[in-house]
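First up is the structure itself, then whatever we jot down about it.
The values are calculated or read from the model by the stated rules, or taken from the named source; none is laboratory data. Worth saying up front: this structure is predicted, and the values here are computed from it rather than measured. Backbone-built Cβ (ideal geometry, glycine too); neighbour counts: all protein chains shown. These accessible areas exclude ligands, DNA and RNA; they are computed on the full protein's heavy atoms, side chains included. Shrake-Rupley method; radii C 1.70, N 1.55, O 1.52, S 1.80 Å.
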Amino acid sequence: LLSAYDIRTKSMQAIELRAGDALIYAARKEEDGQIVSVSASGLAIRYPIAEIAATGRTAAGVRGMQLAECDEVVFAEQIGEEGELLLVSDRGYAKRTLAVDYEAQARAGKGVKTFSFNKNGSNGTRVAAAFHVTNPEDFEIVLKDGERTRMSTESILIEPRASKGQPCVMALLANTVDHLIRAAKIEGGLQ
């Protein structure tokens, strides 16, 4: 409950995390909303937010997505039926998929394929970043060496959920895609 955070201290524990875990998303719960999570291995799950019970401030929470041993969640957010998910692989391949293509299922499942990788890894080996798009906007793809490429979400094709994406930046050798920055954060100084 939000009232659990109304205390007068400089810092407080907000969640119990196990070693190797990290908090990647927090938002006010919308009763009729749905959560979509995307894993680095190219799987995605969508489930009703109502499946997440309220817990105490320092509780560990509940499992949203079942992950393989070396997998991790790269995106998790409440979304509606509108818009698309923009996904970018570590090798700079990108695509948008329609939000309605992700059917709701039970929380804590493995999810469905949302990005297919070529066997030789030419289009990548993992999803490096993703975000939900409801209106056209600019964003930057940031490589590990810091090089940035600015693009519009409209320049990324809408493709089927399990497709392989299209090349949008050159990510060679170890200089792979590190993360994305939305233009609103760039211009607002929140890099």
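The single condition among (1) out of contact with any Asp or Glu (no Cβ under 8 Å at 6 or more places or on another chain); (2) open to solvent by 20 Å² or more (accessible area, probe 1.4 Å) that Arg107 does not satisfy is (1). Criterion applied to Gly64, Gly42, Gly33 was being under 21 Å from Asp178 (Cβ atoms) and within 18 Å of the chain's Cα centre (by Cα), and the one residue passing it is Gly42. Pick out, from region 8-79, the strands (runs of 3 or more DSSP E) lying fully within it that include 1 or more residues that are among the basic types (Lys, Arg) and at pLDDT 80 or above. Passing ranges, in order: 43-48. Looking across region 77-104 at every residue that is among the aliphatic types (A, V, I, L, M) and crowded, with 21+ Cβ neighbours inside 10 Å, the one that is farthest from Val127 (Cα to Cα) is identified as Leu85. Residue by residue through region 126-151, note down the ones that are touching an Asp or Glu at 6+ places or on another chain (Cβ under 6 Å), under 21 Å from Ser37 (Cα atoms) and not in a strand (DSSP E or B). Hits for region 126-151 are Arg126, Thr134. Of all residues in region 128-178, those satisfying the criterion of being among the polar types (S, T, N, Q) and closer than 15 Å to Leu86 by Cα are Thr134, Asn135, Ser152, Thr153, Ser155, Ser163, Gln166. Return only the number of the condition from (1) open to solvent by 90 Å² or more (accessible area, probe 1.4 Å); (2) in a loop (DSSP other than H, G, I, E, B) that Glu154 does not satisfy. Going through the list (1) open to solvent by 90 Å² or more (accessible area, probe 1.4 Å); (2) in a loop (DSSP other than H, G, I, E, B), Glu154 breaks only (2). Looking at Leu157, is it over 19 Å from Val73 (Cβ atoms) and modelled with pLDDT of 95 or more? So Leu157 passes the test.
Got at least one residue in region 113-122 being crowded, with 21+ Cβ neighbours inside 10 Å, closer than 21 Å to Met170 by Cα, touching a Pro at 6+ places or on another chain (Cβ under 9 Å) and not acidic (Asp, Glu)? No. Going by the structure shown, is Met170 out of contact with any His (no Cβ under 7 Å at 6 or more places or on another chain), over 22 Å from Val73 (Cα atoms) and not in a loop (DSSP other than H, G, I, E, B)? In short, no. Among the residues of region 159-185, those that are surrounded by fewer than 15 Cβ atoms within 10 Å (Cβ to Cβ) and among the hydrophobic types (A, V, I, L, M, F, W, C) comprise Ala162, Met170, Leu172, Leu173, Ala174, Ala184.
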